[in-house]
Structure formats: C-alpha cells, structure tokens
2 protein chains.
Amino acid sequence: MRNKKKTTIKDIASVLNISPAAVSKALNDDSRISAKTKEAVKKVAKDLNYQPNHLASALRKGKSNLVGVIVPRTNSNFFSSVIQNIEEVLNKEGYNIIITQSNESYKKECSNIDTLLFTQVDGIIASMANETVKLDYFEKVKSKGIPLILFDRGENDLNVDYIGINDYDSSHMIVEHLVQQGCKRIAHIGGYRHTRIFNNRIRGYIDAIKKHHLPLDEALLIESSLTIEDGREKMTQLLALENRPDAVYVAGDYAALGSLQVLNENNINIPNDIALVGFGNEPFTSMVTPTISSIDQHSTEIGKQAALTFLERVNNPEIKQTLNKKILDAELIVRDSSNVKK
Amino acid sequence: MRNKKKTTIKDIASVLNISPAAVSKALNDDSRISAKTKEAVKKVAKDLNYQPNHLASALRKGKSNLVGVIVPRTNSNFFSSVIQNIEEVLNKEGYNIIITQSNESYKKECSNIDTLLFTQVDGIIASMANETVKLDYFEKVKSKGIPLILFDRGENDLNVDYIGINDYDSSHMIVEHLVQQGCKRIAHIGGYRHTRIFNNRIRGYIDAIKKHHLPLDEALLIESSLTIEDGREKMTQLLALENRPDAVYVAGDYAALGSLQVLNENNINIPNDIALVGFGNEPFTSMVTPTISSIDQHSTEIGKQAALTFLERVNNPEIKQTLNKKILDAELIVRDSSNVKK
DNA sequence: TATTTTTGCTTAAACGTTTAAGCAAAAATA
DNA sequence: TATTTTTGCTTAAACGTTTAAGCAAAAATA
C-alpha cells in the first residue's frame, strides 16, 4: 500500500475536472470559490491523503513561515523554557521554529546562521555565544532584511530588538539582600566583561558595593567562564585569600554549584561562614545541599516577548529595525545558601 | 546599502553572458564546465553576495537535506547530547537538522510530525513521548517512504531502525551490584509498562531478583511517571511499608532525585539504611548529596549510530525498512548512594 | 428589459533552481 | 585527412505551488 508518488494539487484537479488554480484557492478558502467546490476539493484532498508541499508554496510566496532560533545550548532550563514559549506563541500564528545550538562557539554560531539563512527562514531569534565578539554574521542577517531578535545575550551595537532582564538591578538586589543578612565582605565571581549582560552585573555589583560603603577589593572581583570547573577554581582562589569574603555572588548557577562543592569539601558553613548566591535559577539550585539562592530570569516572559516582537516586525516590514530594548525585572529566590539563621 | 532584492543564478548568468544552467553547473562543480568558467562564476557569485535558494533547489531535486529530530524534551543531558552527536555526523554529509520537542505529549508529537513532513524533511529521527501508545502518526511517516529512525524510546511494532541500550541487562547489572553491597530487599520504582524500555527494565528487575533468590514482593514494584514529584511520592509510599526495602532502584534520575530528597528529609542513611540507584546519568546525579549511582546510556554513541543509520537508509532507498535493532551495552556508574562502606 | 456587478472559475506565468537532451567546436583517434 | 569522441556550453522543461488577469454566466440593479 506504500504510495510513493505524492499527491499534488494537479491530482485533485484532474479528479474533479477543475483547474489546479481553483484547487489551490479552494484549499486556501478563497472567497471567490463556491462552498460546493471547496467542500468537494477538501474531500478529495483527504481521500488522496494530500499533503501540501511547503517548499513549493514557500518558494512561490517568498515566505517560508519558519523562524530560526539560536541558543548557546538547549541543555539549560532557561533556554529550553524560552524556546518552548517562543514555539507556543509562533505556532499559533502558523510559524514553525528551527532550533540550533552554538555550543558557545563563535564558529558554530556562524554556521548556524548560514544554515538558517539557507533554509530561508523568515526571521531569527538568538542568544549569542559566550565566545562571540565579532558581529559580522549577525550583520549579515540584518542585511538580508529579515527580522533579528536577540534575547539574554545581546549587543547594543547591532541596533535590533532585544529582550532581557535588568542585570544591573539584579546585582543591586543581590548585594542588598546579602547586606541584610549581615555580610560585610562580598565577592563577585562574574562572567566575561566583553559580554554585555555580565558587564552589567559587574557594574551593578561595584555600584551596589559603593552604595553600601563596603570594601571594594580587587581580589574580590574575579572574571570567570562560569562553568562548574571554573566555579571550583575561582572559589578555591577566594578561599586562599588571607582576608576571605563572607559572601560570594556568582554570576551563573553552574559556577555557583562548583563554588558550593568547594565550600562543602572544606567544611565551610554555608551561609554562616560564607553566604552564596547564584544566577539563573536552574532547577538543580533547589536540589543541592544547601539549596542555592538565585535570580530567576523569567524565561517564560522572555520567550513570549521574543516571539511577539518577531511577529510585530514581520507584520510591519516597512518599519526600520532599531535598537529596541525590552527589559524585564528579575526576581531573587532566596534559599538556604544565603538565608542566615538568627 | 540594504540589498533587499536577492541575487539569483540569473543575475550571475547575465553578468557573465552565459546561461543560468551553466551557472548552476559551475556552482555545483559539474565536470562539463571549464575551470575558467567555474572560477569566473564563483567570483561573481561572491561579489554579488549570492546565497543559493534552498527552497528552489530542494523543490527541483525533491530532496530538502533536512532531517527532523523529535525528542520528549531538549532540557535533558541525554537528549541534548544525542542531538549534538546526530548533528555532528549529519552536518558533515550536508544535512541540517530541525529539532522539535514533544514535551512528552502525544498530541504535540503528532503536530511535530506534521510540521516536519510539511517542511519536507528527508527523514525523521525520534524518541517517543511517554504518553504515546497509538502509532498512527509514525505509520504516516513510514507511508511517506522517508526513513524513520527511533532511539531510546522505540516500538517493535513499527518495524523500523532502533538504537538503544540493553535495558534488561542494565536492570541485572543494578540488582547484581546492590546484592554485592549486601542488600536483601530491593525495590523498583519503574516507568510505565506500556513503554517498551521501562517494561524491559521491569522484566530485568524481576528476573534478576528471581535469579538471586530475593523476595519478589508486589509492594516493592511500583509504576511511576518518573518525575521528581512522583519519585517523592513513590518513595514515601515505600517508607510507609512495615517491611521497608534496603535498596531502591529507580528507573529515572529525576524520580531518583525526588526519592533521595524524601530519604534525606527522613534522616535515613543512604546507602547504609537504604541504597539508591538511578538511571540516565544526568549531571545532577553527581551534584547532589549523596551523589547518586546511575546508568550511563552512551548518548554520544546513540546519537552517532542514529545519524549513521539514517544515512545508510537514505543512501539505499531500495532496501525495505525492517525492524533493525542496535543495542548498546550500558554502564553502571557507582556513586555514594549505593557504595556501602565496610 | 438593458446594464452593471458579482461569482466562479480558467489561463498563463512565475518563484529559483536543476537536468535531460542537444549541438557546435575542439580534441583525439584512425 | 576523415571520423569519432570529448568538451563546454545552450535550450527547454520541470519541481508544486500561487496569483494577476481575464472571461463567461449568474445575479443584482436601474
């Protein structure tokens, strides 16, 4: 029963003795086709198991109804949640998404962009790889004239839509919370300064420290790749100081986890000896011992906003893309690692 | 400088005063085109920033060079690693992949299949949703005549290629390990029996228990959805027994984590009072306290094999698809949760 | 009833490639 | 030198849709 030859509009047309054009219009509910014909066409289409050829219609219409999504990795609660929400919004509007991952590599990101452009996507929603400094490939997307929406990891210089949280304020929230817990020497294991969001967190940290008249010690501000391993290393480095911090704010949950492991291994009481706060609210922060306080980035909202922003762009192509930031407030989830008991 | 009008083969042809056909052949390195012409064409293509229109070539060639991947969720180390390896192998052969997630829902899985078929993928590599019992949509893929490759969660009845680990033997490995640790009452929180892999784990558990002449108590064998929450619930249920188990083998790491939380909350010593083994080797198993022993499913190898199997199918379309299982041996990673100290 | 508008289609071309078939010129062979 | 083969292209059609333009018949309007 295997029907290798695919049913086309022409097959339906010849069954009903009408033109292929009429079939196409009937299937698309054109107002100039009679209800009777529409019904007949749809019945035959079903009987013949007709599946429209997306390639042909996309080619003819110059629109693929596909949206490309690029994330550093899918294996993260934040990104997979953003993706899920992008998908939900876009599916309703007849778009499908193609997910690709850069694995934090600039080279992979470039090849992802090429792949997506090659597939003729109608737009790209992306969060940039850690490695990415050169913006040439993203400029290429822009020059194609299709919408480019960035989230979380973006870049002002691209002058496109951006959805993210307020990293600067988040740092303030964290420092304030730690001060309230009685901490007086707060360290920051931050991300790479060249990435805007991490730079904002660092700036927020510095300003908040100044605001509260705490010591702003160079040794307490460390740049990191924010992997588990690097979190371990940087925490070890902090413990080696003669004047140890009494709180550490880590700009990523994975690095915070590495830090926590080192603290536990050294029998340091968390949060009484050293309090710990992470960033990202990954599920494991509430699984480990002690549970880690962290910043929730509202992935649901970011995903929805990214999708809606794309829709607005694609439906109003006459409006020129400009820098357009939507900044959401983040939320600090206080857990055991920074909840000093009285 | 925004060049809205895309460069086509015709543009290149008119610059060089040759036919579009010659340009197409030059770009595809056809042997009947002179080196001189090829060079000229490639230079002009680059100058005009020519990007081939994938839709047109796919339509004409009847081949999209896209492969669809369906996973229950991307937010899992196992699946994201499988995907990464599928991608690596297929990219080298000129294929790109489209990732979709079913969120363990049958309905979503069906719509994913429709999307992928609509996009004219050349094949589908999938791991089935927990919910899926009816195979009609997968039959639809088969009836299209494109390769269908299943991994991890598959179904014999579909008679297609399958790559997975030996679940039956894995259960034996786990029970044997627990027996060696001195455990005498081993419980199993298993997945849904209707899913083949979970059924195999259950069968393996039962046979291994019999083999070692241990008590096969109905109360010790529980079916579960294997979420964190359900793991908590089922472990609570086990603790309520008058004759508690001294070891619990959980068929999924998330549920194992829920179980671990309940044990910790009840101040039960792991592994001395109750030993615990999970399944899947998710990264968090080595992050929690105590670390959880688990089965590694060789995601790298599964991804590669799935991709290679697809390539073999697509390059040999004349060979009829039949049930063709590639079963890899899994590996038990022993950690603190089942390492009884002497 | 004569004219205008609407309905329900058809015809033909197009989207941007690829490819089978063919042909003249050049090169190789006899 | 005559014949055959190879080279390097062109021509034309096709993949499966969509859509602008058009036209006859039916319906609405004057």
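Dipole of the protein assembly as shown computed with +1 at Lys/Arg Cβ and -1 at Asp/Glu Cβ about the Cα centre; of A:Gly303, A:Ile292, B:Ser293, farthest Cα towards the positive end is A:Gly303. Consider all pairwise Cα distances in the protein assembly as shown and report the whole-number % of them above 31 Å. Value for the protein assembly as shown: 61 percent of Cα pairs lie more than 31 Å apart. Shown in residue order for region A:261-275 are the 3J(HN,Hα) couplings computed by the Karplus curve 6.51 cos²θ - 1.76 cosθ + 1.60 at θ = phi - 60°: 4, 4, 4, 4, 4, 8, 6, 8, 6, 9, x, 5, 7, 9, 8 Hz (x for Gly and Pro).
Decide, for region A:167-294, between rounded, prolate and oblate: order the square roots of the alpha carbon gyration tensor eigenvalues as a ≥ b ≥ c, take rounded if a/c falls under 1.5, and otherwise choose prolate if a/b is larger than b/c, else oblate.
rounded
Note on B:94-101: average number of Cβ atoms from other chains within 10 Å of each residue's Cβ is 5.
How many Cβ atoms of partner chains, on average, are near each residue of B:67-74 if near means within 10 Å of its Cβ? Mind dumping the intermediate values first?
Numbers: counts 0, 1, 1, 0, 1, 0, 3, 11.
That works out to 2 on average.
Exposed loop sites were defined as GluC sites (Glu not before Pro) in DSSP loop states (anything but H, G, I, E or B) carrying at most 14 other C-beta atoms within 10 Å; in chain B the longest segment without such a site runs B:94-241. I want the antiparallel fraction of DSSP beta bridges within chain A, as a percent rounded to 5. Taking every DSSP beta bridge within chain A, about 10 percent pair in antiparallel fashion. Taking the charge dipole of the protein assembly as shown about its Cα centre, with +1 at Lys and Arg Cβ atoms and -1 at Asp and Glu Cβ atoms, the residue from B:Asn272, B:Ala330, A:Leu328 reaching farthest to the positive side is A:Leu328. Diffusion of region A:48-102 by Stokes-Einstein, at 10 °C in a medium of 1.306 mPa s and with Rh set to the Kirkwood radius over alpha-carbon pairs, works out to 124 µm²/s.
3J(HN,Hα) along region A:207-216: 5, 5, 4, 4, 4, 8, 6, 8, x, 9 Hz, from the Karplus curve 6.51 cos²θ - 1.76 cosθ + 1.60 with θ = phi - 60°, whole Hz, x for Gly and Pro.
Each of A:Val41, A:Gly123, A:Ile97 was scored by the projection of its Cα onto the charge dipole of region A:40-188, and the greatest displacement toward the positive side belongs to A:Val41; charges sit on the C-beta of Lys, Arg, Asp and Glu. Charging the Cβ of each Asp and Glu at -1 and of each Lys and Arg at +1, and nothing else, the dipole of region A:133-251 about its Cα centre rounds to 100 debye.
Per the helix-only calculation at 222 nm, which mean residue ellipticity applies to the protein assembly as shown, given -39500 (n - 2.57) for every DSSP H run of n ≥ 4 and division by its residues, nearest 500 deg cm²/dmol? Present the calculation step by step, with values, prior to reporting the outcome.
Details: 24 runs with 292 residues, N = 684.
Mean residue ellipticity at 222 nm (helix-derived): -13500 deg cm²/dmol.
Over region A:9-52, calculate the relative contact order: mean separation of alpha carbon pairs under 8 Å at least 6 apart, over the residue count, as a percent. Show your work: numbers first, answer last.
Numbers: 33 pairs, mean separation 17.1, N = 44.
Dividing the mean separation by the residue count of region A:9-52 yields 39 percent.
Orientation-averaged projection of region A:143-225 equals 6.3 nm² [convex hull of Cα atoms, one quarter of hull surface area].
The trypsin sites (Lys or Arg not before Pro) of region B:270-335 that DSSP puts in a loop, and whose beta carbon has at most 10 other beta carbons within 10 Å, are B:Lys320.
Over the Cα atoms of region A:96-191, compute the convex hull volume and normalise it per residue, giving Å³.
Cα-based convex hull of region A:96-191, divided per residue, equals 123 Å³.
Annotation: amide H of B:Phe151 within the under-5 Å range of B:Ala126, B:Ser127, B:Met128, B:Ile163, sequence separation 5 or more or interchain, hydrogens built in the peptide plane. How would you classify region B:125-165 from its alpha-carbon gyration tensor, with a ≥ b ≥ c the square roots of the eigenvalues: rounded for a/c under 1.5, else prolate if a/b is greater than b/c, otherwise oblate? Judged from the Cα gyration tensor, region B:125-165 comes out oblate (a/c at least 1.5, b/c at or above a/b).
Please compute the Kirkwood hydrodynamic radius of region A:1-102 from all pairs of different C-alpha atoms, in Å with one decimal.
Details: mean 1/r = 0.0615 Å⁻¹.
This gives a value of 16.3 Å.
Using a Debye calculation, one point per C-alpha and no hydration shell, please list log10 I(q)/I(0) for region A:9-52 at q = 0.16 Å⁻¹ in order. Values returned for q = 0.16 Å⁻¹ are -0.31.
For B:Ile97, the residues 5 or more places off, or on other chains, whose built amide H falls under 5 Å of its own are B:Val67. How would region A:253-339 be classified by its alpha-carbon gyration tensor: rounded, prolate or oblate, with rounded meaning a/c under 1.5 and the a/b versus b/c comparison settling the rest? Cα axes put region A:253-339 in the prolate bin. Close amide H pairs (under 5 Å, H built 1.01 Å from N) link B:Ala275 with B:Ala247, B:Val248, residues at least 5 positions away or on another chain.
Suppose every Lys and Arg Cβ carries +1 and every Asp and Glu Cβ carries -1, with no other charges. What dipole size does the protein assembly as shown come out with about its Cα centre, to the nearest 20 debye? Dipole of the protein assembly as shown, to the nearest 20 debye: 3420 debye. Its alpha carbons considered, chain B gives a radius of gyration followed by a Dmax of 25.9, 90 Å.
Relative to the Cα centre, the charge distribution of chain A, modelled as +1 at Lys and Arg Cβ and -1 at Asp and Glu Cβ, gives a dipole magnitude of about 1960 debye. Scalar couplings 3J(HN,Hα) for region A:50-65, obtained by applying the Karplus form with A = 6.51, B = -1.76, C = 1.60 to θ = phi - 60°, are 5, 10, x, 8, 4, 4, 5, 5, 5, 4, 5, 7, x, 8, 9, 6 Hz; x denotes Gly and Pro.
Bear in mind these aren't lab numbers, they're just calculated from the coordinates by the rules spelled out. Everything numeric in this text was worked out from a predicted model, so none of it was measured. Ideal geometry is used to build each Cβ from the backbone, glycine not excepted, and the neighbour counts take in all protein chains shown.
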